[in-house]
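A short worksheet on the structure shown next.
The values are calculated or read from the model by the stated rules, or taken from the named source; none is laboratory data. Source: prediction; values computed, not measured. Using ideal geometry, Cβ is built from the backbone for each residue, glycine included, and neighbour counts are taken over all protein chains shown.
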Amino acid sequence: MAPRCWRWWHWSTWRRTRPPLPGSTPSRSRAPVGPDGCAGRPASAKCGGFRQRFSTQEQPPQICVVGSGPAGFYTAQHLLKHHPQAHVDIYEKQLVPFGLVRFGVAPDHPEVKNVINTFTQTARSARCAFRGNVVVGRDVAVPELRAAYHAVVLSYGAEDHRALEIPGEELPGVFSARAFVGWYNGLPENRELAPDLSCDTAVILGQGNVALDVARILLTPPEHLEKTDITEAALGVLRQSRVKTVWIVGRRGPLQVAFTIKELREMIQLPGTRPILDPADFLGLQDRIKDVPRPRKRLTELLLRTATEKPGTEDAARQAPASRAWGLRFFRSPQQVLPSPDGRRAAGIRLAVTRLEGVGEAARAVPTGDTEDLPCGLVLSSVGYKSRPIDPSVPFDPKLGVIPNMEGRVVDVPGLYCSGWVKRGPTGVIATTMTDSFLTGQMLLQDLKAGLLPPGPRPGYAAIEALLSSRGLGPMGPACLFLGLGEAGCRGSVPGQGCWEAPGEAAGSSGDAGTAGALSLDPSLAGTEGMLCRGEGPGSASRTLSHSCVACPPWHGALAASFPGPSACFPLAKGHPRQR
Ligand SMILES: Cc1cc2nc3c(=O)[nH]c(=O)nc-3n(C[C@H](O)[C@H](O)[C@H](O)COP(=O)(O)OP(=O)(O)OC[C@H]3O[C@@H](n4cnc5c(N)ncnc54)[C@H](O)[C@@H]3O)c2cc1C
Ligand SMILES: NC(=O)c1ccc[n+]([C@@H]2O[C@H](COP(=O)([O-])OP(=O)(O)OC[C@H]3O[C@@H](n4cnc5c(N)ncnc54)[C@H](OP(=O)(O)O)[C@@H]3O)[C@@H](O)[C@H]2O)c1
């Protein structure tokens, strides 16, 4: 069925949205969000009323979510929970779901990854389908999705990084923290990063939680990392690492660091390392923290104690034999990456000494005119992630790096919504992303209820599947199989290039990883390049095998118990359109 044009429904009924005021946060919620995700009112009053209104005579709304990170899954969760007939298709460019929970959260923080259990529950809903391996904006355009669905939610995160925009940034030895994080987490596009860790000193620019993640991974003893699900390749490189000192550099002062207390405490307690903090940086701070908000106060007190007091017996015992160190350098802004004498790689960084103008969180760093050179062989720029525009039809604010929106409604594009980092910018933890995604879901349902979305049926995935296959593309199966979603998305892809098939599914079972027991590979793929992972048993949780695989999910651990045999990695067909 040919997708219909949006124009035939009533544009005039759409409430005009205003672009955010300059300098304002584009998508800040005004009403507090309740535990069910419905702002301002209890579930029974608002969402319950909504449920009653959408009777079975209504068309089941076909909703498309782009991106399967926390934003995509929490938006889907809200929609499915509060509309009894809504059907949600989640499109994801990777073979596997969960976005930064898979490819960002540090491997030594497994407890954070437990949210995948909630997401998997959502994915298991009969009204939800995961469509992995589809790059929206390349394989399928946003207007095509809008024509096929009643509403489209863009939750595609922030896949780029902010550039430093300083000379020397392109030198070998300089990496974005985003790429480094992707490398140690097995993100396919960063698999080949191969950072050279043969230097003595590394510098991380930026003082956020990503900077601390990266510093911790660089300094954690390999025997500790072995117990995590870090990739085998990264572990191998880290085992050979000669990095002894990591400087974490901020352009502002101790009162403006962006990391949080839990992550700082982990650094202080890191085995085999000791902190280097200059007490001079903390002079007079004790008096100034009296009036700051409590989380900032506690964080600064911990910094102060670490900088100025002798370590307690336990800390002293841990730090005495330490062969590695990390330090915080304040009031230093990156000015130039200094090349080695032969000009072939980074050998240091020139920092502009700064002072603060203003006070508290809002204080600005301004250069004093002095500079300082810090020798180092590795520079990791951790000054923030950045979203990219997805499609020319979707408005994008390049300055803020967000899709202009009002509480998740994309400005001036009826039926289009956004959630997560692409909605509010690349800050905030998973819980923040949950709250804002619930709010977007709520706005969408409100619009549906108000008759602002197109009436009549929409073809949903059927139309997109036809488009994809007319382009020689089709979703692959493994993620669906691991998620136990049954045959819906698991039919493989291009004829003649092989696909995954679950024996249990072929025999008519649900295709659930647990019941299928094993996944088999089309023999025509043997000996070709690329990687997919096969899970057959408890061994599928094995770090050794799993982490060179594109498709190996972090949820191996969670699902491992379902697999009754060993696991193995297999290649993806050479020349397969999905191979990158
Ligand atoms: C390194 C790092 C570590 C973090 N650690 C923690 C932590 O320990 N605890 C915590 O609470 N928070 C942590 N966070 C924050 C948390 O990860 C974010 O709040 C959250 O992931 C944002 O969710 P999102 O869905 O907006 O983006 P993402 O998680 O990035 O998800 C976006 C998804 O969209 C997909 N996508 C992108 N483009 C397309 C396209 N064109 N077509 C289809 N799909 C597409 C991506 O592949 C991805 O799966 C961390 C963040 C980073 C960067
Ligand atoms: N364990 C966790 O919970 C965890 C782990 C990782 C990430 N996260 C979350 O993910 C989000 C993103 O983290 P992030 O560390 O990427 O970002 P972030 O928290 O925004 O920190 C960015 C850092 O880069 C600095 N910076 C920005 N531009 C700069 C420039 N041009 N020159 C020098 N320094 C610059 C910032 O300093 P200024 O303040 O001076 O701008 C800040 O110190 C955060 O909300 C974070 O809490 C959480």
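Only one of these is touching a residue at least 24 places away in the same chain (Cβ under 8 Å) and closer than 30 Å to SER241 by Cα: PRO321, PRO341, PRO295. Name it.
Details: PRO341 fails: touching a residue at least 24 places away in the same chain (Cβ under 8 Å); PRO295 fails: closer than 30 Å to SER241 by Cα.
Just one listed residue meets the conditions, PRO321.
When you look at THR427, is it in contact with a Phe, Trp or Tyr (Cβ under 9 Å, 6 or more places away or on another chain), buried (at least 24 other Cβ atoms within 10 Å of the Cβ) and polar (S, T, N, Q), yes or no?
Working: in contact with a Phe, Trp or Tyr (Cβ under 9 Å, 6 or more places away or on another chain): yes; buried (at least 24 other Cβ atoms within 10 Å of the Cβ): no; polar (S, T, N, Q): yes.
Taking the combined requirement at face value, the residue does not satisfy it.
Which pairs do you get when a residue that is farther than 15 Å from LEU400 by Cβ and touching a residue at least 40 places away in the same chain (Cβ under 8 Å), found in region 376-388, comes within reach of a residue that is within 11 Å of ligand 1 (Cβ to nearest atom) and in a loop (DSSP other than H, G, I, E, B), reach meaning Cβ atoms under 7 angstrom, with the pair 6+ apart or on two chains?
Every condition considered, the pairs that remain are SER382/GLY208.
Name every residue in region 91-134 that is touching a His at 6+ places or on another chain (Cβ under 8 Å) and either within 6 Å of ligand 1 (Cβ to nearest atom) or among the charged types (D, E, K, R) (or both), in order of residue number.
Listed by number, the residues that qualify are ASP108, ARG127.
If you take the residues of region 281-296 that are under 29 Å from the mean Cα position of the chain (by Cα) and part of a helix (DSSP H, G or I), which of them is nearest to VAL257 (Cα to Cα)?
Within region 281-296, the subset under 29 Å from the mean Cα position of the chain (by Cα) is 293-296.
Restricting the remaining residues to those that are part of a helix (DSSP H, G or I) gives 294-296.
Numbers: ARG294: 15, PRO295: 12, ARG296: 9 Å.
Looking at residues that are under 29 Å from the mean Cα position of the chain (by Cα) and part of a helix (DSSP H, G or I), I get ARG296.
Among (1) polar (S, T, N, Q); (2) part of a strand (DSSP E or B); (3) crowded, with 20+ Cβ neighbours inside 10 Å; (4) away from ligand 2 (no atom under 12 Å from the Cβ), which single condition is THR371 missing?
Failing condition for THR371: (3).
Hey, ALA194 hits all of (1) over 24 Å from VAL134 (Cβ atoms); (2) buried (at least 17 other Cβ atoms within 10 Å of the Cβ) but one; which does it fall short on?
All conditions pass for ALA194, except number (2).
Quick check on region 191-219: of everything there that is within 16 Å of the chain's Cα centre (by Cα) and in a helix (DSSP H, G or I), which residue is nearest to ALA106 (Cα to Cα)?
Of region 191-219, the ones within 16 Å of the chain's Cα centre (by Cα) are 208-211, 213-214.
Now narrow it down to the ones that are in a helix (DSSP H, G or I): 209-211, 213-214.
Working: ASN209: 10, VAL210: 9, ALA211: 11, ASP213: 6, VAL214: 8 Å.
Per the stated criteria, the residue is ASP213.
Taking the stated definitions as given, is LEU378 away from ligand 2 (no atom under 16 Å from the Cβ) and of a type in the set (A, V, I, L, M, F, W, C)? Quick ask: steps written out before the conclusion?
Details: away from ligand 2 (no atom under 16 Å from the Cβ): yes; of a type in the set (A, V, I, L, M, F, W, C): yes.
So LEU378 fits the description; yes.
Among the listed residues PRO167, PRO143, PRO188, identify the single one that is surrounded by fewer than 24 Cβ atoms within 10 Å (Cβ to Cβ), within 18 Å of the chain's Cα centre (by Cα) and either within 12 Å of ligand 1 (Cβ to nearest atom) or at pLDDT 95 or above (or both).
Numbers: PRO167 fails: within 18 Å of the chain's Cα centre (by Cα); PRO143 fails: within 18 Å of the chain's Cα centre (by Cα).
The match here is PRO188.
To keep it simple, each residue is scored yes or no on (1) within 14 Å of ligand 1 (Cβ to nearest atom); (2) closer than 30 Å to PRO293 by Cα; (3) of a type in the set (A, V, I, L, M, F, W, C); (4) touching a residue at least 40 places away in the same chain (Cβ under 8 Å).
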| position | (1), (2), (3), (4) |
| --- | --- |
| GLY250 | no, yes, no, yes |
| ALA258 | yes, yes, yes, yes |
| GLU263 | yes, yes, no, yes |
| PRO271 | no, no, no, yes |
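Tally time: how many residues in region 420-458 are within 16 Å of ligand 2 (Cβ to nearest atom) and either of a type in the set (Ser, Thr, Tyr) or modelled with pLDDT under 95 (or both)?
Total satisfying the criteria: 5.
Quick check on region 92-106. Is at least one of its residues modelled with pLDDT of 90 or more and more than 30 Å from HIS224 (Cβ to Cβ)?
yes
What is the one condition in (1) away from ligand 2 (no atom under 16 Å from the Cβ); (2) surrounded by fewer than 24 Cβ atoms within 10 Å (Cβ to Cβ) that ASN405 does not satisfy?
Unmet for ASN405, out of (1) away from ligand 2 (no atom under 16 Å from the Cβ); (2) surrounded by fewer than 24 Cβ atoms within 10 Å (Cβ to Cβ): (2).
Specify the residue that is nearest to ligand 2 (Cβ to nearest atom); the eligible residues are those in region 91-110 that are within 18 Å of LEU473 (Cβ to Cβ) and hydrophobic (A, V, I, L, M, F, W, C).
Residues of region 91-110 within 18 Å of LEU473 (Cβ to Cβ): 91-96.
Subset that is hydrophobic (A, V, I, L, M, F, W, C): 95-96.
Values: LEU95: 24, VAL96: 20 Å.
Looking at residues that are within 18 Å of LEU473 (Cβ to Cβ) and hydrophobic (A, V, I, L, M, F, W, C), I get VAL96.
Run down PRO392, PRO414, PRO334 and say which single residue is out of contact with any helix residue (DSSP H, G or I) (no Cβ under 7 Å at 6 or more places or on another chain) and not in a strand (DSSP E or B). Before the answer, list the steps.
Values: PRO414 fails: out of contact with any helix residue (DSSP H, G or I) (no Cβ under 7 Å at 6 or more places or on another chain); PRO334 fails: not in a strand (DSSP E or B).
None of the others qualify; the one that does is PRO392.
Determine whether region 429-446 contains at least one residue that is more than 27 Å from PRO392 (Cβ to Cβ) and of a type in the set (Phe, Trp, Tyr).
yes
Taking region 82-109 as the region of interest, how many residues are under 14 Å from the mean Cα position of the chain (by Cα), small (Gly, Ala, Ser) and under 26 Å from ARG146 (Cβ atoms)?
Number satisfying all stated conditions: 1.
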